[in-house]
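Step one of this worksheet: look at the structure below.
The values are calculated or read from the model by the stated rules, or taken from the named source; none is laboratory data. Because the structure is a prediction, the values reported are computed rather than measured. Cβ sites come from the backbone with ideal geometry, for glycine too, and all protein chains shown count toward neighbours.
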């Protein structure tokens, strides 16, 4: 499968994108390359990505995808910039924009950034600087402007903030700079060819063609896994169970908070990990506890890092999950997304810690000051970490409280 992440650079109506091997996806954002649909051995064509309205795609996410056999091709926009940065590690770059980044001719995302329509159609409302640079080069080749005038115009275009660099603004800059002939020449060309000078579009099409042709995989330099990549992988691990698509972390935290039997399940998981640690001989948990002094319960001594991409780990931790639990998790996720849509800038981390402690205190039937022991027994480590984990449940929990109050009234 070829996953093409695009937005304003290339229209979804392009014939190339109708190939059955192509899956067109919105502009890439943080977490997209951890999606289960991006399988080992797939190809990713990275063209557009977000960076203002949502967290941007991280470099280490691309490196992690490369490390598991996903071929990543970058072009035209943020894809070209990332490819220039990560080419030494195996990301492939295509096109003139990539070449300009790789050579150092251009720098920074301001060269390719555009203002977009707010309706989710990803239509570009402004011209990127890299396209204007190319148009000026074409005008020079035709003798429309000389080198000095082209340099002056380029700096004038650069001075316009990218969301305001509309065609009208470009023509206004030309008039103010005493270059009406270039403005008319550009308008004539764009009137007869709406793609005239669209370097980004040409590069994007070249990248898709390369992927469809079966581009040879470059040599990938392995980059060691790290705490950030493991955490991101856990945050975006998903599964579809009984027709319900859920984040695995949502399912796990729901069990850790609301299932009174989870402490026993966590202890059984520690027993299993002790016998099957991977990479070293297994030993009974009691022996390891004896080596550690034998005075503390296992959950206070051992804090294994979880890999929620591992099906066996997930199955052991969620063995007590019911269909009603999964439906509740889905409701909680919808409540969280509703808050995010209704409150611009909403983030889970911004939820008040005191409110979350109250949730945990009620769920565990214990005073707020005694949350540490319960958190540890449920694999959450400390009360502070439990609060951070449980914040994702608060919007749904509050909705349920309101519903109960309404029914009681």
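When restricted to residues that are surrounded by fewer than 18 Cβ atoms within 10 Å (Cβ to Cβ) and not in a helix (DSSP H, G or I), the stretch 239-261 contains 9. Candidates in the stretch 51-86 are the residues that are free of Cβ contacts under 8 Å to residues at least 24 places away in the same chain and in a loop (DSSP other than H, G, I, E, B); of these, the one that is nearest to residue 133 (Cα to Cα) is 52.
Based on what the data block shows, is residue 229 within 22 Å of the chain's Cα centre (by Cα) and either crowded, with 17+ Cβ neighbours inside 10 Å or in a helix (DSSP H, G or I) (or both)?
Yes, satisfied.
The residue list 305, 288, 316, 264 contains one member that is within 22 Å of residue 392 (Cβ to Cβ) and assigned to a helix (DSSP H, G or I), which is 316.
Selection of the stretch 275-300 for residues being under 34 Å from the mean Cα position of the chain (by Cα) and surrounded by 12 or more Cβ atoms within 10 Å (Cβ to Cβ) yields 277, 299, 300. Restricted to the stretch 9-31, and to residues there that are buried (at least 23 other Cβ atoms within 10 Å of the Cβ) and in contact (Cβ under 8 Å) with a residue 60 or more places away in the chain, the residue that is nearest to residue 209 (Cα to Cα) is 10.
Suppose we filter 217, 183 for residues that are in a loop (DSSP other than H, G, I, E, B), modelled with pLDDT under 90 and surrounded by 14 or more Cβ atoms within 10 Å (Cβ to Cβ); which single one remains? So the residue among 217, 183 that is in a loop (DSSP other than H, G, I, E, B), modelled with pLDDT under 90 and surrounded by 14 or more Cβ atoms within 10 Å (Cβ to Cβ) is 217. Consider the stretch 123-169 and keep the residues that are more than 19 Å from residue 189 (Cβ to Cβ) and touching a residue at least 24 places away in the same chain (Cβ under 8 Å). The one that is surrounded by the most Cβ atoms within 10 Å (Cβ to Cβ) is 162.
Working only within the stretch 32-50, note down all residues that are assigned to a loop (DSSP other than H, G, I, E, B) and surrounded by 15 or more Cβ atoms within 10 Å (Cβ to Cβ).
Selection gives 38, 42, 47, 48, 50.
Being over 30 Å from residue 341 (Cα atoms), surrounded by fewer than 13 Cβ atoms within 10 Å (Cβ to Cβ), free of Cβ contacts under 8 Å to residues at least 12 places away in the same chain and outside the structural domain of residue 22 (by TED's automatic domain parsing): is that true of residue 103 here? So residue 103 fails the test. Of the helices (runs of 4 or more DSSP H) lying entirely inside the stretch 92-175, the ones with 2 or more residues being touching a strand residue (DSSP E or B) at 6+ places or on another chain (Cβ under 8 Å) and over 19 Å from residue 27 (Cβ atoms) are found at 95-103. Kindly evaluate residue 203 against the criterion of being under 30 Å from residue 69 (Cβ atoms), surrounded by 15 or more Cβ atoms within 10 Å (Cβ to Cβ) and either at pLDDT 85 or above or in contact with a helix residue (DSSP H, G or I) (Cβ under 9 Å, 6 or more places away or on another chain) (or both). Taking the combined requirement at face value, the residue satisfies it. Could you please let me know if residue 57 is buried (at least 21 other Cβ atoms within 10 Å of the Cβ), touching a helix residue (DSSP H, G or I) at 6+ places or on another chain (Cβ under 9 Å) and farther than 19 Å from residue 198 by Cα? Judged against the criteria, residue 57 is a match. Can you tell me which condition residue 88 does not meet? The list is (1) in the same structural domain as residue 175 (by TED's automatic domain parsing); (2) out of contact with any helix residue (DSSP H, G or I) (no Cβ under 9 Å at 6 or more places or on another chain); (3) at negative phi, and all the others hold. That leaves (1) as the condition not met.
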